[in-house]
Amino acid sequence: MLDSGISVLFLGRNFLRLLEGLWVTMRISLVAVILSIPLGILFGMFMTLKNPLTRAVSRVYLEFIRIMPQLVLLFIAYFGVTRAFGWNLSAELSAVIVFTLWGTAEMGDLVRGALISIPKHQYDSAAALGMSKVQTFGLIIVPQTMRRLIPLTINLTTRMIKTTSLVVLIGITEVLKVGKQIIDANRFDYPTAALWVYGVIFGLYFLACWPISSLAKKLEQRWR
Amino acid sequence: MGFWNQLNTEFMARYLPWYVDAAKLTVTIAFWGILFSLAVGLVCSVIRYYRVPVLHRIVAVYIELSRNTPLLVQLFFLYFGLPKLGIVLSAESCAIIGLTFLGGSYMAESLRSGLESIEKSQIESAQSLGMGQMLMMKEVIFPQALAISVPGVCANMIFLIKETSVVSGIALADLMYVTKDLIGLYYETDEALLMLVIAYLIILLPVSILASILERRLRYAGFGN
């Protein structure tokens, strides 16, 4: 009985379709990460400004994005924005927007943390050596923040991949949805398909995230 | 502001009880999930800390599996997959088990980093005072380790409360589910979403504020600095 369930995966293009479904969420997370990195760096620098107004604005933005479950943000972008402004955003576009806003907030906080961890004497020493602002940043500050930032950014990528699995709940056809279609189409011939299909999806996510998070852990240990 | 004036307050009043019930469900699942996560996390962190043979390898595999897969996929497997093996669980049990499976590893990592930050001199001093393994754990290691891991544990709690939002995927009538239902039934999108955001703020803000107060207080509990 049980061994019949797994063969559903090798029926027709089923396994390939699952991979295509996984690619849909991966694509959303990749685009969001690629947009979040530059935006997050800018936001992180913005957060270190001493101006009380910019501080308040960035604080409210960060806290709101952080405290709301990502699914709530997705609902606001997908259902709310359409209603409020009459923009008909596709589900995928609203997902990219939400994950970019979220990624920018998270990345910004990482950048801020890395920037304020550089002791002030590093700036002073650079100035004492007659370095210009550009030289100070390019040769002293950026290389030091990078060591902290790169592992954390890689970690953010795996979090992004895991979190984008939520998009099935706003109706995007990704790996879980494709899995459900396969199960439903083969309900009578392969009644145990659900176990195998969802088990394989679990495995696919693990195979996608595990190498990335292991890399982050290795880099973190090496650069400590 | 146009947005506030156009709100259908009568609609909001009528469906407030739905949100109260849904919030209760969210809080209940989060409560049990966090409690069991702490228990699982504590056991796993002690196993990892003392490198208990065989078990610590199993725990390491569990932690990697749980941290590298999304909760929604875990829930789908528990709720739709396991019944095919004859294991039928209610949606609530699935949600709590799933949350524990996910949260256990996060808690384990936070608690372990607390345990590992205890300096060797502390353990050696305790031994030189003639303390046994249990007494040392109770009086020396745990109080300090817990204080250090509080910020991590609090962050995990907030994370787990937020993660409960995905249980609507297995047809539990939580806040997300009710909101989607109301949007689908009546198209009162603004009202439904506003109540959703407020409900989560009411649940999460106190936890988040409490966490930062606790963190500030325990910062002085560290030894030597």
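The values are calculated or read from the model by the stated rules, or taken from the named source; none is laboratory data. Just so we're clear, the structure is a prediction, and the values are computed from it rather than from any experiment. Heads up, the Cβs are rebuilt from the backbone with ideal geometry, glycines too, and the neighbour counts pull from every protein chain shown. Note: areas computed on protein heavy atoms with side chains; ligands, DNA, RNA excluded. Shrake-Rupley method; radii C 1.70, N 1.55, O 1.52, S 1.80 Å.
Per-structure values
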| item | result |
| --- | --- |
| Set A:S117, A:S58: member being away from chain B (no Cβ under 14 Å), modelled with pLDDT of 90 or more and surrounded by fewer than 22 Cβ atoms within 10 Å (Cβ to Cβ) | A:S58 |
| A:L156 over 27 Å from A:L11 (Cβ atoms) and either touching a Gly at 6+ places or on another chain (Cβ under 9 Å) or not β-branched (V, I, T) (or both) | yes |
| From the options B:L214, B:L193, residue that is of a type outside the set (K, R) and within 11 Å of chain A (Cβ to nearest Cβ) | B:L193 |
| Which listed residue, of B:Q144, B:Q122, is part of a helix (DSSP H, G or I), buried (at least 18 other Cβ atoms within 10 Å of the Cβ) and in contact (Cβ under 8 Å) with a residue 24 or more places away in the chain | B:Q144 |
| Near pairs, Cβ below 7 angstrom, 6+ apart or cross-chain, from the stretch B:204-225 (part of a helix (DSSP H, G or I)) to any residue that is open to solvent by less than 80 Å² (accessible area, probe 1.4 Å) and at pLDDT below 90 | B:L214/B:V150; B:E215/B:V150; B:E215/B:P151; B:L218/B:A147; B:L218/B:V150; B:A221/B:A147 |
| Residue that is farthest from the chain's Cα centre (by Cα), among those in the stretch B:84-116 that are surrounded by fewer than 17 Cβ atoms within 10 Å (Cβ to Cβ) and within 16 Å of A:F202 (Cβ to Cβ) | B:L85 |
| Any hit, the stretch B:159-178, residues being surrounded by fewer than 22 Cβ atoms within 10 Å (Cβ to Cβ), over 22 Å from A:Y78 (Cβ atoms) and not aliphatic (A, V, I, L, M) | yes |
| Filter result for B:E163 (touching a Pro at 6+ places or on another chain (Cβ under 7 Å), assigned to a helix (DSSP H, G or I) and touching a residue at least 60 places away in the same chain (Cβ under 8 Å)) | no |
| Any chance B:I158 is in contact (Cβ under 8 Å) with a residue 40 or more places away in the chain, at the interface with chain A (Cβ under 10 Å from one of its Cβ atoms) and in a helix (DSSP H, G or I) | yes |
| Qualifying positions in the stretch B:162-201 - under 21 Å from A:I65 (Cβ atoms), among the aromatic types (F, W, Y) and at pLDDT below 90 | none |
| Yes/no for A:F75 being within 16 Å of A:I170 (Cβ to Cβ) and assigned to a helix (DSSP H, G or I) | yes |
| Hits in the stretch A:190-203 - residues which are more than 7 Å from every other protein chain (Cβ to nearest Cβ) and either open to solvent by less than 20 Å² (accessible area, probe 1.4 Å) or free of Cβ contacts under 8 Å to residues at least 12 places away in the same chain (or both) | A:A193, A:V197, A:G203 |
| Residue match in the stretch B:165-183 (condition: within 11 Å of chain A (Cβ to nearest Cβ), among the charged types (D, E, K, R) and touching a Gly at 6+ places or on another chain (Cβ under 9 Å)) | no |
| Count of the stretch B:58-93 residues which are among the hydrophobic types (A, V, I, L, M, F, W, C), within 14 Å of another protein chain (Cβ to nearest Cβ) and more than 22 Å from A:T25 (Cβ to Cβ) | 8 |
| Matching option when the condition is closer than 30 Å to A:T145 by Cα and part of a helix (DSSP H, G or I), among A:T104, A:T82 | A:T104 |
| Yes/no for B:S208 being crowded, with 21+ Cβ neighbours inside 10 Å and in contact with a helix residue (DSSP H, G or I) (Cβ under 7 Å, 6 or more places away or on another chain) | no |
| Breaking point among (1) at the interface with chain A (Cβ under 8 Å from one of its Cβ atoms); (2) under 16 Å from the mean Cα position of the chain (by Cα); (3) farther than 24 Å from A:T164 by Cβ, for B:V40 | (1) |
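Results for (1) closer than 30 Å to A:E63 by Cα; (2) crowded, with 17+ Cβ neighbours inside 10 Å; (3) among the small types (G, A, S), shown as yes or no for each residue.
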site: A:V8; (1), (2), (3): no, yes, no
site: A:F15; (1), (2), (3): no, no, no
site: A:G21; (1), (2), (3): no, yes, yes
site: A:M26; (1), (2), (3): yes, yes, no
site: A:S29; (1), (2), (3): yes, yes, yes
site: A:V33; (1), (2), (3): yes, yes, no
site: A:P38; (1), (2), (3): yes, no, no
site: A:L42; (1), (2), (3): yes, no, no
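Listed here are the residues, each with its yes/no results for (1) more than 8 Å from every other protein chain (Cβ to nearest Cβ); (2) touching an Asp or Glu at 6+ places or on another chain (Cβ under 9 Å); (3) surrounded by 15 or more Cβ atoms within 10 Å (Cβ to Cβ); (4) among the β-branched types (V, I, T).
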| site | (1), (2), (3), (4) |
| --- | --- |
| A:S165 | no, yes, yes, no |
| A:I170 | yes, no, yes, yes |
| A:T173 | yes, no, yes, yes |
| A:I182 | yes, no, yes, yes |
| A:F206 | no, yes, yes, no |
| A:L219 | yes, no, yes, no |
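Table: residues versus (1) closer than 30 Å to B:G114 by Cα; (2) open to solvent by 20 Å² or more (accessible area, probe 1.4 Å); (3) small (G, A, S); (4) assigned to a helix (DSSP H, G or I).
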| site | (1), (2), (3), (4) |
| --- | --- |
| B:M12 | no, yes, no, yes |
| B:K24 | no, yes, no, yes |
| B:T28 | yes, yes, no, yes |
| B:W32 | yes, yes, no, yes |
| B:G41 | yes, no, yes, yes |
| B:V46 | yes, yes, no, yes |
